[in-house]
Amino acid sequence: MKTSKRMISNITKVLLVMIMGAGLVACETTMETYDEFLVDGETVYVGKADSVMVEEGFEKLKFNIAINADPKITKGLINTIDETIHHEFEVNRKHAGADTITVDMELPEGEYTFGVFFFDDYGNSSIREEVTARVYGEAYIDRLMNRAISNMEMNDQNELTINWSSPIGTSTYTQLTYEDPMGEVHSIEVPNEDSETIIEAVKEGSELTIITAYRPTSTSFEDFMANPSVVMVPDISLP
């Protein structure tokens, strides 16, 4: 009976030693992992982007990233959560302190949610700055409509009067190409504000080519041109 009690006591001691040993190993592993993010006992963070403004072009985006004054920042990353987009860039300040850098990226058409990060030379990262953006491409252009002509008249002096329908949505102007009586081709830009265009000399029976320009957002940095429409110049209207 005494032997059994002594044996149980020994087993209990062994188990306690094993549990304590496992705890020490776990603590050491945790501290090693923790120390990877510490310098002199403090977490090292790099300053995050102060702001990110995105401008849209044809199948490309322009990121205007405001950098704070943190002198440790030397590089950056723009990515998506699934890492299908992963774009690294160098941070070269134009002057000391707060600054703004521009990063251009060519991308397939679609909608994206990006994370913007900064890093120092030791790989320490800033927290994520999130920004959403849409890339416009051929699918967007195929949906664009040219400004319509409501009426055209040409007099016996080959002067063509065009009356325009109201401009469409985010259109900015319309490019009109025509042929004069000598066969020379000309292009003019018709502002959205104009409801009438008079061209002094147009070849009778020739074609007009109409292309309307769009800016899908207020931050777009280039024009998106609709696919061309062609209309015939009317015959001369006799008085």
(message) Check which residues have an amide H placed less than 5 Å from Y173's amide H, if you skip close sequence neighbours.
(response) A213
(message) Could you tell me the center-to-center distance, by alpha carbons, between the stretch 112-148 and the stretch 217-239 in angstrom?
(response) 31
(request) Take every Cα pair under 8 Å in the stretch 155-239 that's 6+ residues apart, average their separations, divide by the length, and report that relative contact order as a whole percent. (result) 34
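At a 10 Å Cβ-Cβ cut-off, how would you order Y214, Y140, fewest neighbours first? List each step's numbers first, then the result.
Numbers: Y214 21, Y140 17.
The most exposed by this proxy come first: Y140, Y214.
Can you tell me the order of 95-108, 66-79 when each peptide is scored by its average per-residue count of other Cβ atoms within 10 angstrom, highest first?
On the way: 95-108: 12.9, 66-79: 16.8.
The densest-packed peptide leads the list: 66-79, 95-108.
Using a cut-off of 9 Å between beta-carbons, work out the net charge of the residues near E59 (Lys and Arg +1, Asp and Glu -1, E59 not included).
Neighbour charge sum, excluding E59 itself: -2.
FYI, it's all coordinate maths here, none of it is from the lab. Small disclaimer: the values here were computed from a predicted structure and weren't measured. All Cβ positions, even for glycine, are placed from backbone atoms using ideal geometry, and neighbour counts span all protein chains on display.
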